[in-house]
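The values are calculated or read from the model by the stated rules, or taken from the named source; none is laboratory data. These numbers were taken from a predicted model, which means no experiment stands behind them. Ideal geometry is used to build each Cβ from the backbone, glycine not excepted, and the neighbour counts take in all protein chains shown.
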């Protein structure tokens, strides 16, 4: 199974592909690490973001997209652009989209910690949350936690 972990931060969608096959995790190469939507964008820019993400799903044969849930209010609340990006991702065809709460991610990582330092994965530091989201989902799904 190949999943795409997504962390929405401001007007960026930080992404990380992760697959699990025969008890082995793999981080496939991906042409994009981050998809950006301009803050003062119009509908055309949102359609471009949508089509770019859809093409990514198609090209990399992604089975599920796992989005890290953001609070709707409070200090760490997501902004309007982030919610637009989330809606665009959730509307993608031919892929299941799951929004995973930070609590579920934390619980899964607590029971199944990542044993490889982030520096050794080949990922950028801004992709760490997206990676953890994908990893937590795969571990939660595999071990039914």
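Residue count for the stretch 85-96, restricted to those that are crowded, with 16+ Cβ neighbours inside 10 Å and touching a strand residue (DSSP E or B) at 6+ places or on another chain (Cβ under 8 Å): 5.
Quick one: in the stretch 108-122, of everything that is surrounded by fewer than 16 Cβ atoms within 10 Å (Cβ to Cβ) and touching a helix residue (DSSP H, G or I) at 6+ places or on another chain (Cβ under 8 Å), which residue is nearest to residue 1 (Cα to Cα)? Among those residues, the one meeting the criterion is 114. Within the stretch 125-145, none of the residues are surrounded by 14 or more Cβ atoms within 10 Å (Cβ to Cβ), at pLDDT below 95 and assigned to a loop (DSSP other than H, G, I, E, B). Hey, any hits in the stretch 60-67 for a residue that's farther than 15 Å from residue 7 by Cβ and touching a helix residue (DSSP H, G or I) at 6+ places or on another chain (Cβ under 8 Å)? Looking through the stretch 60-67, at least one residue is farther than 15 Å from residue 7 by Cβ and touching a helix residue (DSSP H, G or I) at 6+ places or on another chain (Cβ under 8 Å).
Residue selection: residue 130 fails the criterion of being touching a residue at least 40 places away in the same chain (Cβ under 8 Å) and farther than 18 Å from residue 17 by Cβ. Residue count for the stretch 24-46, restricted to those that are loosely packed, with under 12 Cβ neighbours inside 10 Å and either more than 19 Å from the chain's Cα centre (by Cα) or in contact (Cβ under 8 Å) with a residue 60 or more places away in the chain (or both): 6.
Select, from 54, 80, 21, the only residue that is at pLDDT 95 or above, out of contact with any strand residue (DSSP E or B) (no Cβ under 8 Å at 6 or more places or on another chain) and more than 23 Å from residue 125 (Cβ to Cβ).
Details: 80 fails: at pLDDT 95 or above; 21 fails: at pLDDT 95 or above.
Among 54, 80, 21, only 54 is at pLDDT 95 or above, out of contact with any strand residue (DSSP E or B) (no Cβ under 8 Å at 6 or more places or on another chain) and more than 23 Å from residue 125 (Cβ to Cβ).
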